[in-house]
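Novice: Okay, here's the structure, questions in a sec.
Quick note: the coordinates plus some simple rules give every number you see, no bench work behind them. Predicted model only: the values in this text are computed from it and were never measured.
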Amino acid sequence: TQLLEQSPQFLSIQEGENLTVYCNSSSVFSSLQWYRQEPGEGPVLLVTVVTGGEVKKLKRLTFQFGDARKDSSLHITAAQPGDTGLYLCAGGAMEYGNKLVFGAGTILRVKS
Amino acid sequence: EAQVTQNPRYLITVTGKKLTVTCSQNMNHEYMSWYRQDPGLGLRQIYYSMNVEVTDKGDVPEGYKVSRKEKRNFPLILESPSPNQTSLYFCASSQFTGAWEQFFGPGTRLTVL
């Protein structure tokens with residue numbers, strides 16, 4: 001059982017469409033991060049959210065941390081082929097000690 | 001350039017033949033970690049190190065060893081590799097900020113026959 005559940009697992013959309021990826025848990029996290037990973041490379045950090053209800057924007061990407069700090073979402077506006085990749089959420093929590101736990105990821109494919 | 005390097009990038013070996021995957025970071029980070037990535041399972045932590053000479057088990061430590069003799073290096077050792085250790089391995093480092101933001105290496109794809 002994943003401590004962080006991501007949905008959907010796969011998403012294939014046309015260029016210009018909007019999409020939302022979700023990251024849910026029954027645990028409370030002190031911080032939550034989103035990474036993007038491209039084939040043949042390691043994950044690259046996109047954003048960290050630490051405050052319940054926090055919203056951060058990175059160009060066409062909007063990240064939100066749930067009020068209870070148990071969930072997060074990533075919204076992409078007007079997706080482009082360059083957004084294609086694996087999106088991973090990861091969280092740190094007191095109950096997990098010094099370990100960062102990762103979701104299984106959402107594979108996004110944006111077709112031109 | 002700030003980076004985490006891993007070697008080798010690709011390795012095919014046979015069951016039981018000891019191997020070491022090296023990891024080095026040039027950011028003076030305290031925290032280093034090894035993960036394995038398998039389809040549908042995401043990234044699972046193998047071992048981590050909070051500082052020199054301090055290492056601890058992650059979620060899937062069986063069959064692996066690590067050492068942290070220097071701050072910049074954190075090698076992963078497979079004493080007797082088995083086919084179920086075929087995976088994509090990532091080394092990562094982090095400044096111990098509490099937010100656990102990780103900088104990842106490029107990965108090592110290991111196949112054990």
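Novice: Output the relative contact order of chain B, whole-number percent, from Cα pairs under 8 angstrom with separation of 6+ residues.
Specialist: Here the relative contact order equals 36 percent.
Novice: If you don't mind, another one. Straight-line reach only, C-alpha to C-alpha below 22 angstrom: list the lysines that B:LYS57 could link to, leaving out same-chain residues fewer than 8 apart.
Specialist: Within the straight-line cut-off, B:LYS57 pairs with A:LYS99, B:LYS18, B:LYS65, B:LYS69, B:LYS71.
Novice: Sequence gap at least 6, Cα distance under 8 Å: using those rules, report the relative contact order of chain A to the nearest whole percent. Mind showing how you got there, number by number?
Specialist: Values: 291 pairs, mean separation 41.2, N = 112.
Taking the mean separation of contacting Cα pairs over the length of chain A, I get 37 percent.
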